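The structure appears right after this line, and notes come after that.
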Amino acid sequence: MSMNPLKGWQVDRGQIRTIGTGLQRPECILAQRDGSLLAADARGGVMRIEPDGSQRLIVPVAEQIRRAGDARHEHRQRQRKTNRCNLYQAESPARRPGY
């Protein structure tokens, strides 16, 4: 029977530090040989955290397209509200509906 290589091993608490910010329910952490970490993220992807602390959310292409579509939709909604307000401001009160 072979010996357990972790027998007697301990964590140096002085080496423990917090890394990563803005993660949403990070789980299933994978440490890579290059020192980067991959963590499952509740936004439907994986957060890659580099050794220097920089991070990037990796999501499937369909998710990126949906998010871009949502942003365009929100922009159009804001524009429509602004255009309605500007239209009423430009007209005289007598021409407004209900007057």
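The values are calculated or read from the model by the stated rules, or taken from the named source; none is laboratory data. Computed from a prediction, not measured in an experiment: that's the story for all the values here. Heads up, the Cβs are rebuilt from the backbone with ideal geometry, glycines too, and the neighbour counts pull from every protein chain shown.
Here are some residues: Gly53, Gly69, Gly14. Which one is assigned to a helix (DSSP H, G or I) and at pLDDT 90 or above? Steps first, answer last, please.
Details: Gly53 fails: assigned to a helix (DSSP H, G or I); Gly69 fails: at pLDDT 90 or above.
One residue alone meets the criteria, Gly14.
Looking across the range 31-50, the residues that are assigned to a loop (DSSP other than H, G, I, E, B) and surrounded by 13 or more Cβ atoms within 10 Å (Cβ to Cβ) come down to Ser36, Arg43, Gly44, Glu50.
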